[in-house]
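The values are calculated or read from the model by the stated rules, or taken from the named source; none is laboratory data. Since we're looking at a predicted model, the values are computed, not measured. For neighbour counting, all protein chains shown are included, and Cβ atoms are generated from backbone atoms with ideal geometry for every residue, glycine included.
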Amino acid sequence: MMRSFLAASDILERICAFFGRVGSWLIIPLILIIVYDVVTRKIIFIQQFVMNSWLYDFLSPTKLQEMEWHLHAVIFLLAYGLAYLNGTHVRVDIWRERQSERRRGWLELIALLVLAIPYCGVLIYQSWFFVEKSFLQGEGSPAMTGLPHRWIIKSFLLIGAALLMASLLSTLMRLAVYLFGSSVLRQEALQRLDMVGHPPEAADEAKPGEVSP
């Protein structure tokens, strides 16, 4: 049972990692759009050429600005679950960081069961109706030259929440193995729990009075 928990948690992590990589590649079109937008604002004849051609239907300033906002949201939402699994979200609880790894594991488990998973479940439930309403209404940009089909970008809230839920469930299974499994499986689970174990850099630091090699 515990071994199957680890296997299932790894599958969920691979799903989050795949979408996280997809989101990271979207930084490239985001940079290109920003560069194009800045350049055309400074070089007037390029802006005039675009405005007087068929390209304006695709490269209007309003469309470009809205696409920048949309890409920012998509990149963030696709990486949200992976960031949690990698323990890269900001944590400012000084008291928690001073606890033992096992105690941090219990705190993480309680927080997942009481706060994170119920909240994420509500977020997924509400996001579905949020996207459905936008689709049925044919919602688009309030600007005449803005992007249509706003339900597409809103659907990424649902996707991001689902990926976050996957990362939470993956962590929950790893915590169960770490807290209740055999000694061998505990070590395997701890290696996968970046938010519970000490950062790898901390282990490499020299102890007080010692000289690092």
Every residue from the stretch 14-30 that is hydroxyl-bearing (Ser, Thr, Tyr) and either in contact with an Asp or Glu (Cβ under 6 Å, 6 or more places away or on another chain) or closer than 14 Å to Leu164 by Cα (or both): none
Matching option when the condition is among the small types (Gly, Ala, Ser), closer than 30 Å to Phe180 by Cα and at pLDDT below 85, among Gly81, Gly105, Gly121, Gly87: Gly87
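Would you call Ala111 more than 30 Å from Leu59 (Cα to Cα) and surrounded by 14 or more Cβ atoms within 10 Å (Cβ to Cβ)?
Details: more than 30 Å from Leu59 (Cα to Cα): yes; surrounded by 14 or more Cβ atoms within 10 Å (Cβ to Cβ): no.
Criteria not met by Ala111.
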Candidate set from the stretch 173-186 (those that are crowded, with 18+ Cβ neighbours inside 10 Å and of a type in the set (A, V, I, L, M, F, W, C)); member that is farthest from Ile110 (Cα to Cα): Val177
Close pairs (8 angstrom Cβ cut-off, 6 or more residues apart or separate chains): under 12 Å from Arg150 (Cβ atoms) in the stretch 125-138, of a type in the set (Lys, Arg) and surrounded by 13 or more Cβ atoms within 10 Å (Cβ to Cβ) anywhere: Phe130/Lys154; Val131/Lys154; Ser134/Arg150; Ser134/Lys154
Any chance Glu97 is in contact with a Phe, Trp or Tyr (Cβ under 8 Å, 6 or more places away or on another chain), over 25 Å from Leu12 (Cβ atoms) and not polar (S, T, N, Q): no
Residue list for the stretch 56-100, filter: within 25 Å of Gln187 (Cα to Cα) and in contact with a Gly (Cβ under 6 Å, 6 or more places away or on another chain): Leu82
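Kindly establish whether Asp37 is among the acidic types (Asp, Glu), out of contact with any Gly (no Cβ under 6 Å at 6 or more places or on another chain) and over 30 Å from Arg174 (Cβ atoms).
Working: among the acidic types (Asp, Glu): yes; out of contact with any Gly (no Cβ under 6 Å at 6 or more places or on another chain): yes; over 30 Å from Arg174 (Cβ atoms): yes.
Yes, satisfied.
Does the stretch 117-162 hold any residues that are of a type in the set (Lys, Arg), surrounded by 14 or more Cβ atoms within 10 Å (Cβ to Cβ) and more than 21 Å from the chain's Cα centre (by Cα), and which are they?
First pass over the stretch 117-162, keeping only residues of a type in the set (Lys, Arg): 133, 150, 154.
After this cut, where a residue has to be surrounded by 14 or more Cβ atoms within 10 Å (Cβ to Cβ) as well, the list is 150, 154.
Of everything in the stretch 117-162, nothing turns out to be of a type in the set (Lys, Arg), surrounded by 14 or more Cβ atoms within 10 Å (Cβ to Cβ) and more than 21 Å from the chain's Cα centre (by Cα).
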Residues of the stretch 21-42 satisfying the condition of being farther than 17 Å from Lys63 by Cα and of a type in the set (S, T, N, Q): Ser24
Residues of the stretch 136-150 satisfying the condition of being farther than 16 Å from Met67 by Cβ and touching a Lys or Arg at 6+ places or on another chain (Cβ under 7 Å): Glu139
Top-ranked residue of the stretch 29-56 - restricted to ones that are surrounded by fewer than 10 Cβ atoms within 10 Å (Cβ to Cβ) and within 22 Å of Leu147 (Cβ to Cβ), ranked as modelled with the lowest pLDDT: Trp54
Residue pairs meeting the criteria (Cβ under 6 Å; at least 6 apart or on separate chains; first within 14 Å of Val74 (Cβ to Cβ), in the stretch 143-165; second among the acidic types (Asp, Glu)): Leu147/Glu66; Arg150/Glu139
Inter-residue pairs, beta-carbon under 6 Å, first aliphatic (A, V, I, L, M) and in the stretch 78-100, second in a loop (DSSP other than H, G, I, E, B), 6+ apart: Ala83/His89
Any hit, the stretch 84-107, residues being surrounded by 15 or more Cβ atoms within 10 Å (Cβ to Cβ), among the β-branched types (Val, Ile, Thr) and under 23 Å from the mean Cα position of the chain (by Cα): no
